Amino acid sequence: MAPQASLVKGTGVVVRLFGTIFFLVFFAAGLAAVSFIGKQWWTGAQPYRWSEMPATVLASRIESGPERREGSAYVQYRYTFEGRTHVSERIDVDDPHPNGEEMLAFVQRLTPGSTATCYVNPKAPHEAVLRRQSLWFGLVVLFPMIFVLVGVAGLVGLWSPGVFSTKRPAPVTAIARRDSRNRGAVYFLFGIFALVGGVLTYLFGVLPLVEVVSSRGWRETPCQIVSSEVRHHSDSDGTTYSVQVRYRYRLDGRELQGNRFSFVRGTSSGYESKAQMVAKYPPGLRTVCYVNPKDPVQAVLVRSLRWEMLIGLFPLLFFAIGVGGLVWTARSGTSPSRLRSGPGQGGLVLAEAATGPLRGPGGKSALKARSTRLGKFVGLLFVCLFWNGIVSVFLVVLVNEWMRGQGSWFLSLFLTPFVLVGLALLVGVAYQFLALFSPSARLTLSASEVRIGDVVEIEWRIARHWLGVSELTILFEGQEEATYRQGTSTATDKETFYRDCVVRTNDAGAIASGKGTLRIPPNAMHSFSSRHNKIVWCLNVKGAVPRWPDVAEDYELHVLPKASV
Amino acid sequence: MNESDTQEMFVEVVGAAEGFLPGQRLESNLLWALPEAPKLIEARLFWRTRGKGTEDAEVVDSHRIERPAAAGKETISLRLPEAPYSFSGRLVSIVWGVELIAEPSGKSALAEFVMGPDRKEVVLNAVSNAPGT
């Protein structure tokens with residue numbers, strides 16, 4: 001008798017309540033960030049609708065003092081719009097006097113008397129700006145969208161009765177639409193990861209490297225250090241530091257100032273290393289800087305590659321996750337091993353599976369393992385690097401604190417299980433690496449296709465058996481696999497409905513190569529694969545190798561239905 | 001098994017009680033009596049999974065009636081493919097059926113049946129292990 005389907009997701013009240021609060025927080029935080037970024041972008045995009053007009057620079061300088069932020073740019077300019085002359089001091093639409101490392105070069109380009117381009121609001125001509133923010137900034141909104149999506153998906157998953165809210169099965173099309181919707185959401189999520197990771201990698205990883213390479217053509221120019229210090233930047237996450245050095249140089253009869261130390265962007269922790277760098281450039285020191293001959297206001301003190309630039313490649317991990325996820329989603333959607341028949345054909349069209357047998361001579365077929373050892377090793381290495389990469393940051397902080405006599409027992413205890421998991425992952429990676437060199441089994445079937453009720457011969461060869469496989473077991477199994485959502489995660493249950501031992505031996509000759517017989521029961525179910533449910537027939541090969549990772553691989557066998565009469 | 005959310009749609013698979021062989025043709029009687037004429041009536045031959053895993057489904061053949069009258073009946077013929085068989089396991093089952101659906105209202109009715117060798121569903125826990133295992 002067929003098991004009754006569980007048509008309504010059963011979730012406890014407590015789990016639903018806590019889950020609701022959790023996902024509401026995700027949703028609210030994401031929505032707040034989306035609103036804020038959206039508003040910022042909209043404000044910054046307005047000058048793109050304004051009129052572009054020539055302007056004459058009246059004054060330009062970097063200001064500091066109690067009324068201005070340190071290093072604020074001040075530019076005063078005059079322009080004419082519809083016959084009336086206006087004077088403005090606004091540089092950006094949302095910040096009239098922006099500061100930042102690049103403002104010194106910006107101000108030096110706009111010497112008094114020079115011509116610039118400004119953007120005038122036609123509805124309020126007294127309002128004008130010198131710069132327009134990049135519209136690419138709008139893409140930043142995709143990042144908090146992840147939180148909104150997670151929040152909505154979680155709430156829907158918790159509270160939606162699902163497709164089958166009544167005892168009557170819902171229309172078949174509804175299942176296809178649900179799958180299509182879910183896949184769309186998965187594509188979107190991984191797409192954001194890829195986009196954000198790609199953009200951050202470009203800005204913080206690739207761009208600095210490109211600048212280092214292009215600066216090879218910059219002119220070496222004598223300069224003198226005006227000031228140098230380690231600047232502190234404090235926010236809710238803590239304090240970070242940056243090297244601030246200002247120097248003056250002369251080029252083509254013009255005295256200019258530069259404040260760019262190297263091509264490394266942003267701030268970071270580690271005060272000592274930056275203090276050492278600053279100590280090498282005391283005020284008054286005469287040294288050299290490198291000046292862009294095409295834009296003399298652009299200069300840099302240190303143009304070599306620095307190890308901090310490698311940190312800029314960290315977002316590559318998110319890019320890889322995003323791209324990998326997109327590829328995986330696309331491939332899992334095609335279900336290549338599904339058996340299907342076109343309408344009215346009456347016959348069977350078998351789609352070749354990626355892990356299907358390789359046709360060999362004489363109607364034989366070689367079987368491929370369901371997952372490769374290299375794939376397992378790379379996958380585990382990836383997880384290990386990711387996990388230990390994050391945990392190591394906290395571990396370094398903790399160790400430093402203990403060395404300064406300020407260690408926290410609470411943090412130590414809290415971090416312990418994470419460190420233990422990280423160590424277990426390292427051991428796992430080492431084990432998988434050794435497993436790459438374990439003996440491997442090559443299985444060949446005596447037939448190019450196998451059907452229900454067939455009896456076929458299986459031949460095995462163990463490569464690299466010099467490592468000494470002491471016992472070989474090959475089991476032929478039929479399994480059900482069912483994948484389902486469990487809260488916010490996915491689980492797959494497996495149930496073996498058939499098992500046959502093809503060989504179990506510790507005879508060296510029989511281990512190295514041999515033959516056995518596979519009997520597909522005449523009343524069994526053929527191979528089947530859909531998105532969430534499978535019937536899998538496979539050969540499970542286990543080879544015990546003393547003092548080395550054992551051989552343990554599954555080879556899928558595609559069992560076709562009985563031949564039609 | 002016949003199921004309908006209203007009395008307005010009805011579908012019957014002739015000979016469903018005996019079951020069907022893979023590749024066999026089946027006849028299906030379609031009946032509808034709707035308050036107004038739909039844009040489309042479609043009969044779909046499908047399989048769906050049931051059990052612990054998230055449900056999957058696939059339509060393998062269909063018959064469309066464009067701009068039908070509000071009420072009508074029709075007998076159609078659909079051919080079953082060779083697979084997948086109807087089966088029942090501990091985790092997963094497959095059920096075959098014909099679904100009749102009216103668009104755009106979405107009203108539907110369906111009739112389920114068994115397809116497999118010997119006209120019976122494969123019951124997985126009845127498959128015995130080989131001796132010695």
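No value in this document is a laboratory result; all are computed from the given coordinates. Remember, predicted model here, so these are calculated numbers, not experimental data. FYI the Cβ positions are ideal-geometry reconstructions off the backbone, even for glycines, and counts take in every protein chain you see.
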Cα convex hull of the stretch A:380-433, projected area averaged across orientations, nm²: 3.6
In the stretch B:28-133, GluC sites (Glu not before Pro) in a DSSP loop with at most 12 other beta-carbon atoms within 10 Å: B:Glu36
Contour minus Cα-Cα distance for A:Val419 and A:Glu101 (0.36 nm per residue): 110.6 nm
Under 25 Å from A:Lys123, Cα to Cα: lysines that are on another chain or at least 8 residues apart: A:Lys39
Rule-of-thumb Rg ratio for the stretch A:426-565 [Cα; 2.2 N^0.38 Å; N residues]: 1.19
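Out of the stretch A:70-107, which GluC sites (Glu not before Pro) are coil in DSSP terms and have no more than 16 other C-beta atoms within 10 Å? List each step's numbers first, then the result.
Working: sites: A:Glu70, A:Glu82, A:Glu89, A:Glu101, A:Glu102; in loops: A:Glu82, A:Glu89, A:Glu101, A:Glu102.
Counting only loop positions with at most 16 other Cβ atoms within 10 Å, the GluC sites (Glu not before Pro) in the stretch A:70-107 are A:Glu82, A:Glu89, A:Glu101, A:Glu102.
Which links in A:Lys364/A:Lys534; A:Lys494/B:Lys120; B:Lys73/B:Lys107; A:Lys368/A:Lys515 stretch past 21 Å when you go from one Cα to the other? Each step should come with its number before you reach the end.
Working: A:Lys364/A:Lys534 25 Å; A:Lys494/B:Lys120 24 Å; B:Lys73/B:Lys107 16 Å; A:Lys368/A:Lys515 17 Å.
Table pairs above 21 Å Cα-Cα are A:Lys364/A:Lys534; A:Lys494/B:Lys120.
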Selection of trypsin sites (Lys or Arg not before Pro), the stretch A:493-551, meeting DSSP coil and at most 15 other Cβ within 10 Å: A:Arg547
